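In what follows, a structure is listed as structure tokens, so that the remarks can point back to it.
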């Protein structure tokens with residue numbers, strides 16, 4: 001029963017977290033709030049943290065002894081996942097604006113766009129020329145770098161599915177906003193894992 005509750009809680013959180021930034025919902029909010037919509041990103045972040053807390057607390061309350069731990073030569077794999085995830089986050093942060101991510105710039109300027117950078121334009125330099133969504137790619141590596149018990153395995157599977165589905169939904173929004181410009185970007189750069197970048201490097205050698 002406790003695992004069914006765990007699945008229900010994380011699935012509900014992921015659904016709410018995604019639904020609140022769908023164009024259907026945000027357009028409705030924008031239409032009914034007018035200029036105060038510039039506060040929406042900040043509200044969204046705070047609300048997301050608030051509803052996440054009880055889910056995390058319950059998850060930790062049912063943790064078990066791990067059935068898989070990173071030991072011996074596998075520690076090298078774990079460190080690669082951790083270092084890789086953190087590096088991708090750091091590289092992505094150089095192209096993203098934390099003030100936009102937090103919602104501060106939207107309050108100040110009253111402008112909202114699908115990208116979380118300062119320019120509102122598609123960037124292809126650095127990590128953005130390797131993967132289109134570095135924060136999601138980094139998250140994927142980091143969530144699988146921990147030891148596994150039944151609780152953690154269930155959470156990891158749900159979050160992995162959410163990262164893929166959430167990224168696809170975001171892609172749909174960006175295509176709607178940027179059209180062929182973003183479609184060309186999709187052709188050049190992989191979504192989460194750098195297959196196209198690796199393929200280009202192999203061909204160039």
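The values are calculated or read from the model by the stated rules, or taken from the named source; none is laboratory data. Just so it is clear, the structure is predicted and the values come from calculations on it, not from any experiment. As a convention, Cβ positions derive from the backbone with ideal geometry for all residues, glycine included, and neighbour counts pool all protein chains shown.
Mind checking which pairs have a first residue in region 69-83 that is at positive phi and at pLDDT 95 or above and a second that is surrounded by 12 or more Cβ atoms within 10 Å (Cβ to Cβ) and assigned to a helix (DSSP H, G or I), Cβ under 8 Å, 6 or more apart or different chains?
Pairs found: none.
Identify all residues within region 156-196 that are crowded, with 16+ Cβ neighbours inside 10 Å, more than 15 Å from the chain's Cα centre (by Cα) and part of a helix (DSSP H, G or I); write none if there are none.
175, 178, 182, 185, 196
What helices (runs of 4 or more DSSP H) lie completely within region 1-64 and have 3 or more residues being under 19 Å from the mean Cα position of the chain (by Cα), closer than 23 Å to residue 168 by Cα and modelled with pLDDT of 90 or more?
Details: elements: 2-19, 23-33, 40-61.
Ranges flagged: 2-19, 40-61.
Is at least one residue of region 91-99 surrounded by fewer than 14 Cβ atoms within 10 Å (Cβ to Cβ), modelled with pLDDT of 90 or more and part of a helix (DSSP H, G or I)?
No, region 91-99 contains no residue that is surrounded by fewer than 14 Cβ atoms within 10 Å (Cβ to Cβ), modelled with pLDDT of 90 or more and part of a helix (DSSP H, G or I).
How many residues does region 69-86 contain that are outside any helix (DSSP H, G or I) and in contact with a helix residue (DSSP H, G or I) (Cβ under 8 Å, 6 or more places away or on another chain)? Before you say what the answer is, go through the steps one by one.
Initially, region 69-86 is screened for residues outside any helix (DSSP H, G or I), giving 69-73.
Filter once more, so that each one left must be in contact with a helix residue (DSSP H, G or I) (Cβ under 8 Å, 6 or more places away or on another chain): 70.
Residues meeting the conditions: 1.
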